[in-house]
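Have a look at the structure below before the remarks.
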Amino acid sequence: MAKKKLNIQKAIKKPGSLTATAKRAGAVKKDGTIKVSWLRDKAKGGNSKTAQRARFALTLRKLSKKKKK
């Protein structure tokens, strides 16, 4: 049986919303990426939408590192 692929595009409900929040907080670097320290700080924020999105962004970051190897 073939290995089932994850459809990450469906998991992202509102693309760009975390980036917009980070821009308002001044946590976006000059190259357009979000500071990892800001993501980790927001990920500890309980059950808010921003905390959920930050945790998901950190998870996606781990997935992209696995693909590069």
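The values are calculated or read from the model by the stated rules, or taken from the named source; none is laboratory data. The structure presented is a predicted model; accordingly, all values stated were derived computationally and were not measured. Positions of Cβ are backbone-derived with ideal geometry, glycine not excepted, and every protein chain shown enters the neighbour counts. For the accessible areas, the whole protein counts, side chains as well, though only heavy atoms, and no ligand, DNA or RNA atoms are used. Shrake-Rupley method; radii C 1.70, N 1.55, O 1.52, S 1.80 Å.
Quick notes
- Cα-centre dipole for the chain with unit charges at Cβ (Lys and Arg positive, Asp and Glu negative), debye to 20: 360
- Think of each Lys and Arg Cβ as +1 and each Asp and Glu Cβ as -1; about the Cα centre, that makes the dipole of the stretch 29-69 roughly 280 debye.
- SER17 sits among other residues whose Cβ lies under 9 Å from its own Cβ, and their net charge, with Lys and Arg +1 and Asp and Glu -1, is +4.
- Over the chain, accessible surface divided per residue gives 88 Å², non-protein components excluded, 1.4 Å probe.
- Members of LYS23/LYS65; LYS10/LYS65; LYS3/LYS35; LYS42/LYS67; LYS42/LYS65 lying beyond 28 Å, as alpha-carbon distances in this model show: LYS3/LYS35
- Linear extension gain, ASP31 paired with ILE8, 0.36 nm per residue minus alpha-carbon span: 5.9 nm
- Fraction of accessible area attributable to carbon and sulfur, the chain (%, probe 1.4 Å): 55
- Directionally averaged projected area (the chain, Cα convex hull): 6.1 nm².
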